[in-house]
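What follows is one structure encoded as structure tokens, with my remarks underneath.
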Amino acid sequence: QVQLVESGGGLVQAGGSLRLSCAASGRTFSMYAMGWFRQSPGKEREFVAAIAASTYYADSVKGRFTISKDNAKNTVYLQMNRLKPEDTAVYYCAAGYWTWQPAGGIKSADFGSWGQGTQVTVSS
């Protein structure tokens, strides 16, 4: 129901940084949990980070990625530092209606709205 548009992807060297942005439409942005997922060719879509009443991160990105939210700008961000080649993927922004971490962990089905994705490529 909420429309999402990602931006900020690109090509960076290992160890570098990128900040992804996700702009949301509508007036209910603050009501949603927001998340980031990523998908590489031949692999399943995997959870990266989410922000609701708290923030949540996949083990693979803890300490390197930070999710944040600016309700006034209807935008969610993913700051990615110390990037690794294995971070290469299409990154998708998502919106869901929940407050606390769903039972069993955060998964794609917990989000009902998705952006079109932005490519992140990390070179060696």
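Cβ-Cβ below 9 Å, separation at least six or inter-chain, first residue in the range 9-28 and without any contact (Cβ under 8 Å) to a residue 24 or more places away in the chain, second surrounded by 13 or more Cβ atoms within 10 Å (Cβ to Cβ): which pairs?
Qualifying pairs under 9 Å: ARG27/ASN74.
What pairs come out if I take residues in the range 32-46 that are under 15 Å from GLY105 (Cα atoms) and pair them with residues that are among the charged types (D, E, K, R) and surrounded by 10 or more Cβ atoms within 10 Å (Cβ to Cβ) whose C-beta lies under 9 Å away, six or more apart or interchain?
The qualifying pairs are ALA33/ASP110; MET34/LYS69; GLY35/ASP110; TRP36/GLU6; PHE37/ARG45; PHE37/GLU46; ARG45/ARG38; GLU46/ARG38.
Report whether or not SER30 is assigned to a loop (DSSP other than H, G, I, E, B) and of a type in the set (Ser, Thr, Tyr).
Details: assigned to a loop (DSSP other than H, G, I, E, B): no; of a type in the set (Ser, Thr, Tyr): yes.
So SER30 does not fit the description; no.
Go through (1) surrounded by fewer than 13 Cβ atoms within 10 Å (Cβ to Cβ); (2) closer than 20 Å to SER17 by Cβ; (3) not small (Gly, Ala, Ser) and name the single condition LEU83 misses.
(1)
Under 8 Å between Cβ atoms, at least 6 apart or on separate chains: pull out the pairs that start in the range 74-86 with a residue that is touching a residue at least 60 places away in the same chain (Cβ under 8 Å) and end on any residue that is in a helix (DSSP H, G or I) and open to solvent by less than 20 Å² (accessible area, probe 1.4 Å).
Hits for this filter: MET80/ASP87.
All but one of (1) open to solvent by less than 40 Å² (accessible area, probe 1.4 Å); (2) free of Cβ contacts under 8 Å to residues at least 40 places away in the same chain; (3) not in a strand (DSSP E or B) hold for ALA49; state the number of the condition that does not hold.
Looking at each condition in turn, ALA49 falls short on (3).
The values are calculated or read from the model by the stated rules, or taken from the named source; none is laboratory data. The structure displayed is predicted, hence computed values, not measured ones. All Cβ positions, glycine included, derive from the backbone under ideal geometry; neighbour counts span all protein chains shown. SASA here: full protein model, heavy atoms, side chains in, ligands and nucleic acids out. Shrake-Rupley method; radii C 1.70, N 1.55, O 1.52, S 1.80 Å.
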